[in-house]
Amino acid sequence: MTSNSQAAGRPSAASGRPAVLFRILALLALLALGGSYYAPAWWVSLKAPNYPAQTFPDGVKILFHVDRVANGCSLRQSTEVVEKEALDCVHEMDTINHFVGMYPIASGGPVEKLLSPFLFAFIGVLILGFATPGTRNRTAVMGLGFAAVATWMLMSVYSANGVQYVGRSWVAGLVDSLGRAEDETKDENLHPVVRQLKESLAKSGIVVDVNAPKADATATKAQLVEVLKIVHDMKAPVELGVEPKPWSNRGIDVMAWHYEESLGRWFNEPVKNGRLVAIMRVATHVTVAAVLIAMGLFLWIARRPRSILFAAIPAVPMILPLGFIVEYASWLWWYGHSLNAMGAFTLKPFMPTVFGDGKVAQFSTHSYPALGFGLMCAVALLMAVAALMRRNLPEAAKD
């Protein structure tokens, strides 16, 4: 009976168990993918003798998420100082970096952060399609999934009120990265390190606004967008006979405005910064088009489960951690090789530490993966095992 079943092209019970198992592994990878989007993927910390551990327990620490950069500093466990919230270490690191001509952290990866939910959703559809049995079912699942992602992406990036469709965390990251001073209003109440930084900023001609916006944990996305609009209107250039550019809620316009604002935060060079913004606009258009083309290509591949090209479907989530490392290292290179001459100190172009410990001037640098990157590695491992199990199945079981 077994030989007749195999001769007829039907998978045996022995091959059925691995067929089910590789699909389960793929679904576990899908869960890990979702977790990796929300968890911090990497952390960086700067330490120096003038940043004592009692004030900065983890140094000046920031957390890189795929859609934003977040504060990595924690509340001080001290009986002498009572804190209502942790020090803003994103602002602290920006302050340190600007002295050597480095652009604010928010100026890195603007396109990637805007498009990250759609890129992760795209990978999720690939994983779900890989786990779906049957060519017709797989094509239907991937077709509907890609259509939903494409609609979501195009509406978010290009529609008149597209920012309402993007994630709240991305908008909160934009608000937080606008920068703010410490909550204390009197200099005598500031910690000596913070006071020194504030005085250095003043000498550099940079005004620190104690009322600068900060994303409140209870604020809605609509409220955060309104904060961005207020800042935009406040900082809109006033020229005689020229109307300031109106606020736009399109995702691409919000990204471009915030990117230009970040570039000019320390170094106000409109012509140079304008060119960089134009490049990011083009990069957004190109990336959106590439994702749409890739959707069509993978939908075509999904209908050919016995083709060698089918291996490309699990390969994309498998290279996710490598893609993140390449992206992260590339932007670090840009930071270290795009030093602005307006910085207070002259420093030769350098490559910041990607992984491990390093040293820049008097600062020791520490750069290590966080939970999100571990989950990306879990996605890659689970999909690699699932792909290998599928490869060893009889041809009939691969459909």
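Looking at the range 19-30, can you tell me whether even one residue there is among the charged types (D, E, K, R) and at pLDDT 80 or above? Don't jump to the end; show me each part of the working.
We begin by selecting, within the range 19-30, every residue among the charged types (D, E, K, R); these are 23.
If we keep only those that are at pLDDT 80 or above too, we end up with 23.
The answer is yes, given that some residue of the range 19-30 is among the charged types (D, E, K, R) and at pLDDT 80 or above.
Only a single item in (1) in a loop (DSSP other than H, G, I, E, B); (2) in contact with a Ser or Thr (Cβ under 8 Å, 6 or more places away or on another chain); (3) not hydrophobic (A, V, I, L, M, F, W, C) is not met by Thr346, and it is number (2). The set of residues in the range 297-309 being in a helix (DSSP H, G or I) and either free of Cβ contacts under 8 Å to residues at least 24 places away in the same chain or of a type in the set (Val, Ile, Thr) (or both) consists of Leu297, Trp300, Ile301, Ile308, Leu309. Quick check on the range 143-161: of everything there that is touching a residue at least 40 places away in the same chain (Cβ under 8 Å) and touching a Phe, Trp or Tyr at 6+ places or on another chain (Cβ under 7 Å), which residue is nearest to Gly251 (Cα to Cα)? Checked the range 143-161; the qualifying residue nearest to Gly251 (Cα to Cα) is Ser156.
When the range 294-352 is filtered for residues that are farther than 30 Å from Arg136 by Cα and among the charged types (D, E, K, R), the ones remaining, listed by number, are Glu327, Lys348.
Residues to consider are Ala121, Ala140, Ala172; find the one that is at pLDDT 95 or above and over 20 Å from Arg303 (Cβ atoms).
Result: Ala121 is the single residue among Ala121, Ala140, Ala172 that is at pLDDT 95 or above and over 20 Å from Arg303 (Cβ atoms).
Select from the range 233-274 the residues that are basic (Lys, Arg) and under 26 Å from Met153 (Cβ atoms) and write down the one among them that is modelled with the lowest pLDDT. If you could, list the steps in order and put the result at the bottom.
To start, the set of residues in the range 233-274 that are basic (Lys, Arg) comprises 235, 245, 250, 265, 272.
Right, trim to under 26 Å from Met153 (Cβ atoms) and you get 245, 250.
Numbers: Lys245: 78, Arg250: 95.
So the residue we want is Lys245.
Scanning the range 31-63 for residues that are without any contact (Cβ under 8 Å) to a residue 60 or more places away in the chain, closer than 30 Å to Leu381 by Cα and not in a helix (DSSP H, G or I) yields Lys61, Ile62.
Among the residues of the range 87-96, those that are out of contact with any Gly (no Cβ under 7 Å at 6 or more places or on another chain) and touching a residue at least 60 places away in the same chain (Cβ under 8 Å) comprise Leu87, Asp88, Val90, Glu92, Thr95, Ile96.
From the list Ala32, Ala41, which residue is under 30 Å from Ala315 (Cα atoms), among the hydrophobic types (A, V, I, L, M, F, W, C) and under 11 Å from the mean Cα position of the chain (by Cα)? Explain how you work it out, then say what you get.
Working: Ala32 fails: under 11 Å from the mean Cα position of the chain (by Cα).
Residue meeting the stated conditions: Ala41.
Evaluate the following for Lys348: is it loosely packed, with under 15 Cβ neighbours inside 10 Å, in contact with a strand residue (DSSP E or B) (Cβ under 8 Å, 6 or more places away or on another chain) and under 18 Å from Ile96 (Cβ atoms)? It would help to see each step written out before you state the result.
Numbers: loosely packed, with under 15 Cβ neighbours inside 10 Å: yes; in contact with a strand residue (DSSP E or B) (Cβ under 8 Å, 6 or more places away or on another chain): no; under 18 Å from Ile96 (Cβ atoms): yes.
Considered against the rule, which asks whether it is loosely packed, with under 15 Cβ neighbours inside 10 Å, in contact with a strand residue (DSSP E or B) (Cβ under 8 Å, 6 or more places away or on another chain) and under 18 Å from Ile96 (Cβ atoms), Lys348 comes out as no.
Consider the range 355-374 and keep the residues that are touching a Phe, Trp or Tyr at 6+ places or on another chain (Cβ under 9 Å) and crowded, with 16+ Cβ neighbours inside 10 Å. The one that is modelled with the lowest pLDDT is Val360. Quick check on my filter: what residues within the range 121-164 are surrounded by fewer than 18 Cβ atoms within 10 Å (Cβ to Cβ) and aromatic (Phe, Trp, Tyr)? Selection gives Trp152, Tyr158.
Looking only at residues in the range 356-376 that are touching a strand residue (DSSP E or B) at 6+ places or on another chain (Cβ under 6 Å) and free of Cβ contacts under 8 Å to residues at least 40 places away in the same chain, the one that is farthest from Ile96 (Cα to Cα) is Asp357.
Look at Val111 and say whether it is assigned to a helix (DSSP H, G or I), aliphatic (A, V, I, L, M), out of contact with any His (no Cβ under 6 Å at 6 or more places or on another chain) and under 15 Å from Gly34 (Cα atoms). No. The residues on offer are Ala341, Ala378, Ala387, and the sole one that is more than 25 Å from the chain's Cα centre (by Cα), more than 23 Å from Phe56 (Cβ to Cβ) and buried (at least 18 other Cβ atoms within 10 Å of the Cβ) is Ala387.
The values are calculated or read from the model by the stated rules, or taken from the named source; none is laboratory data. Predicted model, so just to flag it, every value in this text is computed and none were measured. We place every Cβ from the backbone using ideal geometry, glycine too, and count neighbours over all the protein chains shown.
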